[in-house]
Amino acid sequence: MHGKDFVDSQPRTHPREVLEDAFRRFDRDRLAISFSGAEDVVLVDMASRIVGRDAPVFSLDTGRLHAETYRFLEAVRERYGIEIELLFPDAVEVERLVGAKGLFSFYRDGHGECCAIRKIQPLRRKLGELDAWITGQRQDQSVTRTELPVEQVDAAFSTPGRTVTKFNPLAHWSSEDVWAYIREYDVPYNPLHDHGMRSIGCEPCTRAIAAHQHEREGRWWWENDDDKECGLHAQNRIPAKAVA
Ligand code: SF4
């Protein structure tokens, strides 16, 4: 439908160059960074060095984030002097879900339904205003991300009449690369990382892990590794037949 959906001609391009390229090609009001309140803060830091306080940043406020993450979002806003647009889920949809199934239905039914309401719908609304978005995804984060390119057509949010481009500037960076950058540039980080949380999401769906565990084991730990995408990056999902 969209032709080639994989654009990765310079796979080892530095994340800063990927960002510079994105800001060169897309208008500032048609492109934005999706900031999760975790170590993807390095993208906010890099973007602020390129476009200053005009760095376009949004965050999905699911209503279930850790208190530390809310404080961190505020700290980042103040540190860089930027606006962080918070996207909220539809209140009626949340009330319907919680009324019918309670506050922790994801432990029973899987995370799909709750993520769809609290994350996907607000993101879809936002992407309706954009031509491109920028994420902090990395290949080393998950078995579902090992082929992740630095730039791709977002097959999950593009439509037959409209293409949405997704940049993943950190695709080829390791966790160690990210933390080396955070230390070198004295970038603020979410204090939950100091408490064993290497991957940070909603409070009920994130837990601390041991040093030998993979970071994604701290997310939706009651589900299979090949299903640990919340729909924001649905095209990463591994088809069932491809999973041994
Ligand atoms: S991560 Fe958990 S709490 Fe957050 S939206 Fe998904 S299922 Fe709901």
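Looking only at residues of segment 76-97 that are of a type in the set (A, V, I, L, M) and surrounded by 15 or more Cβ atoms within 10 Å (Cβ to Cβ), we find that the one that is farthest from PRO191 (Cα to Cα) is LEU97. Among all positions in segment 184-200, there is at least one residue which is over 16 Å from the mean Cα position of the chain (by Cα), at pLDDT 95 or above and within 16 Å of the ligand (Cβ to nearest atom). Mind checking whether some residue in segment 165-180 is assigned to a helix (DSSP H, G or I), at pLDDT 95 or above and crowded, with 18+ Cβ neighbours inside 10 Å? Yes, because at least one residue in segment 165-180 is assigned to a helix (DSSP H, G or I), at pLDDT 95 or above and crowded, with 18+ Cβ neighbours inside 10 Å. Kindly establish whether GLY37 is farther than 21 Å from GLY128 by Cβ and within 14 Å of the ligand (Cβ to nearest atom). When the stated conditions are applied, GLY37 passes them. Scanning segment 181-205 for residues that are in contact (Cβ under 8 Å) with a residue 40 or more places away in the chain, over 20 Å from LEU65 (Cβ atoms) and outside any helix (DSSP H, G or I) yields a single hit, TYR185. Could you grab me the full set of residues in segment 137-183 that are within 16 Å of the chain's Cα centre (by Cα) and among the hydroxyl-bearing types (Ser, Thr, Tyr)? Residues satisfying the conditions are SER142, THR144, THR146, THR165, SER174, SER175.
Looking only at segment 6-46, residues that are at pLDDT below 95, part of a strand (DSSP E or B) and either under 13 Å from LEU170 (Cα atoms) or not aromatic (Phe, Trp, Tyr) (or both) come to 1 in all. ASP90 versus (1) within 12 Å of the ligand (Cβ to nearest atom); (2) modelled with pLDDT of 95 or more: which is the lone unmet condition? Against the list (1) within 12 Å of the ligand (Cβ to nearest atom); (2) modelled with pLDDT of 95 or more, ASP90 comes up short only on (1).
Do we have PHE35 as under 30 Å from GLY161 (Cβ atoms), within 16 Å of the chain's Cα centre (by Cα) and among the aromatic types (Phe, Trp, Tyr) here? Yes, satisfied.
Restricting segment 203-224 to residues that are among the hydrophobic types (A, V, I, L, M, F, W, C) and under 17 Å from the mean Cα position of the chain (by Cα), which is nearest to the ligand (Cβ to nearest atom)? First the steps, then the outcome.
Residues of segment 203-224 among the hydrophobic types (A, V, I, L, M, F, W, C): 205, 208-211, 220-222.
Still in the running and under 17 Å from the mean Cα position of the chain (by Cα): 205, 220.
Values: CYS205: 3, TRP220: 7 Å.
My answer is CYS205.
The values are calculated or read from the model by the stated rules, or taken from the named source; none is laboratory data. Since we're looking at a predicted model, the values are computed, not measured. Because the Cβ atoms are built from the backbone with ideal geometry, glycine has one as well, and the counts that use them run over all protein chains shown.
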